[in-house]
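Working notes, structure below.
The values are calculated or read from the model by the stated rules, or taken from the named source; none is laboratory data. Note that this is a predicted model, so its numbers are computed, not measured. Cβ atoms come from the backbone with ideal geometry, glycine included; neighbour counts cover every protein chain shown.
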Amino acid sequence: MSTTTLKLPDELKERIADAAADAGKSPHAFMVEALVAQTALAERRKTFVGAAHAAAQEIAQYGLVYDADEVFGYLQEKLKGKRAKRPKAVKL
């Protein structure tokens, strides 16, 4: 494990110490957890945006989309255990 130095404003350092104490953790453990959480969030956001770009490219290539109301209606009927007509893709 490598060492990293963070220069924190005194006010933030105090807030971290207070929050860590309230959570029953050391300031170091609290900061590591915060960094892990923010890194995971950034990774999920990157995956989400990548999927959105891929979907936009697919729509641009094929021009097929589904009506959201039809999709939600279909899903609601299926969740109720009913037979439902699958929505059809329509050309933009």
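Can you find even one residue in segment 27-45 that is at negative phi, over 26 Å from the mean Cα position of the chain (by Cα), modelled with pLDDT under 95 and not polar (S, T, N, Q)?
Within segment 27-45, not a single residue is at negative phi, over 26 Å from the mean Cα position of the chain (by Cα), modelled with pLDDT under 95 and not polar (S, T, N, Q).
Got a number for residues in segment 55-92 being part of a helix (DSSP H, G or I) and touching a strand residue (DSSP E or B) at 6+ places or on another chain (Cβ under 7 Å)?
Adding up the residues that qualify gives 1.
All but one of (1) touching a residue at least 24 places away in the same chain (Cβ under 8 Å); (2) loosely packed, with under 11 Cβ neighbours inside 10 Å hold for residue 57, so report the exception by its number.
(1)
If a residue must be among the hydroxyl-bearing types (Ser, Thr, Tyr), part of a loop (DSSP other than H, G, I, E, B) and loosely packed, with under 12 Cβ neighbours inside 10 Å, how many such residues does segment 1-42 contain?
So the answer is 4.
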